[in-house]
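Student: Have a look at the structure that comes next, please.
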Amino acid sequence: MRRPIISGNWKMYKDINEAIELANAVKRGVFDVENVEIVICPSFTNLSELGEMFVGSNVSVGGQNCYWEKEGAYTGEISVPMLKSVGCSYVIVGHSERRKYFGETDETVNRKIAAVLEEELVPIMCVGETLEEREAGKTLEVVKDQVVGGLRNFQETQLETLVIAYEPVWAIGTGKTATPGQAQEVHAMIRSLMAECFSPAFADAVRILYGGSVKPDNVGELMAERDIDGGLIGGASLKAEGFVDMVKTTSQLYAEKKG
Ligand code: PEP
């Protein structure tokens, strides 16, 4: 069975004091959860502190972005070795806000994934269609192109840790969530695409998260879908109680599945 991941994307929220407070509350709330991988992706300025706070706990930290070069004259950029040095084990790559506001493309996503894998961190590759694309009936085509473009030239053996996050752009930060059926349809397509591109065993093992207005009252029905292996959660990860609640709901669901 695939181990679920619940990851909080704190985006550009929380100064260092607020981040410490929230991280402490999350750590206390989830300390006894064993069957869910819990990841917090705070802003770069909070990574070092949170990386230390979570040492020895069941919470990992991740970056929200990275640059593909290891070092150099790239003012304002952060490399993967730098992320690793402050305790990151995951990196979100290709979030739709990066694609929309910062010119990220499938090609830059591809290069960033290579850089993340080279340092043995886990890439969380985000893909998803806009509202216009969905309304034009192009969802599966768009997502397929993004997945293929992001993973171009990789061998299956390089991608063992890859995590894919399906995040319909129209559902991010809007309060509109994809129905479990809409999400499952895309997740199933991505999984069969992975079987085609790599192998059935790879497809069976790769974890595919859903993101887009996940909250405590809809996390259960989404996680119950067979091809949804966790969530990438923005707004609702900024409140400890709700985030802990979503981790626990997921944990319980998976404990029942196993039992
Ligand atoms: C996200 O930022 O990845 C996200 C899914 O945001 P939200 O949960 O706020 O829609």
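Rule-based calculations on the coordinates, nothing more; no lab input. Keep in mind the model is a prediction, meaning the values are calculated, not measured. Heads up, the Cβs are rebuilt from the backbone with ideal geometry, glycines too, and the neighbour counts pull from every protein chain shown.
Student: Under a plain spin-label model, where a point goes 7 Å from the Cα along Cα-to-Cβ, how far apart in nm are residue 69 and residue 3?
Tutor: Placing both labels 7 Å beyond Cα along the Cβ direction yields 3.5 nm.
Student: To continue, here is another question. Between residue 155 and residue 120, what is the FRET efficiency for a Förster distance of 22 Å, r being their Cβ-Cβ separation, to the nearest 0.05?
Tutor: After rounding to 0.05, the efficiency reads 0.90.
Student: One quarter of the convex hull surface, Cα atoms only: what value does that give for the chain in nm²?
Tutor: Answer in nm², one decimal: 12.9.
Student: Next question, about the same structure. Hey, if you put +1 on the Cβ of every Lys and Arg and -1 on every Asp and Glu Cβ in the chain, which of 173, 212, 249 ends up farthest toward the positive end of that dipole?
Tutor: Farthest towards the positive pole: 249.
Student: Which of 224, 188, 73 moves most in a GNM of the chain, Cα contacts under 10 Å?
Tutor: 73
Student: From the cross-link list 112/138; 112/239; 14/176, which pairs have alpha carbons spaced over 28 Å apart?
Tutor: Exceeds cut-off: 112/239.
Student: Given the options 108, 130, 75, state which has the largest fluctuation in a GNM of the chain using a 10 Å cut-off (strictly under) for Cα springs.
Tutor: Sorting by GNM fluctuation, first place goes to 75.
Student: Where the centroid of each part is defined by its Cα atoms, how far is region 16-54 from region 154-175 in Å?
Tutor: The distance from the Cα centre of region 16-54 to that of region 154-175 comes to 22 Å.
Student: What distance in nm separates the simple spin-label points at residue 107 and residue 226, each placed 7 Å from Cα in the Cβ direction?
Tutor: Placing both labels 7 Å along Cα→Cβ, they lie 3.9 nm apart.
Student: Right, something else. Once you order the gyration tensor axes a ≥ b ≥ c over the Cα atoms, which shape class does region 54-122 get: rounded for a/c under 1.5, otherwise prolate or oblate by comparing a/b with b/c?
Tutor: The shape class here is prolate.
Student: Which aspartates and glutamates have a Cα less than 16 Å from the Cα of residue 100, not counting those fewer than 8 places away in the same chain?
Tutor: Once the sequence-local aspartates and glutamates are set aside, what remains near residue 100 is 129, 132, 133, 167.
Student: OK, next. For each of 238, 162, count neighbouring Cβ atoms within 10 Å of the residue's Cβ, then give the residues from fewest to most.
Tutor: With the sparsest Cβ surroundings first, the list reads 238, 162.
Student: According to the square roots a ≥ b ≥ c of the eigenvalues of the Cα gyration tensor, what is the shape class of region 34-80, taking rounded for a/c under 1.5, prolate for a/b larger than b/c otherwise, and oblate for the remainder?
Tutor: prolate
Student: Filter the GluC sites (Glu not before Pro) in region 89-180 to those in DSSP coil with at most 12 other Cβ atoms within 10 Å of their Cβ, and list the result.
Tutor: For GluC sites (Glu not before Pro) across region 89-180 that sit outside H, G, I, E and B with at most 12 neighbouring Cβ atoms in 10 Å, the list reads 120, 160.
Student: Here is a further query. Just flag the trypsin sites (Lys or Arg not before Pro) in region 191-259 sitting in loop per DSSP whose Cβ has no more than 16 other Cβ atoms within 10 Å.
Tutor: 226, 239
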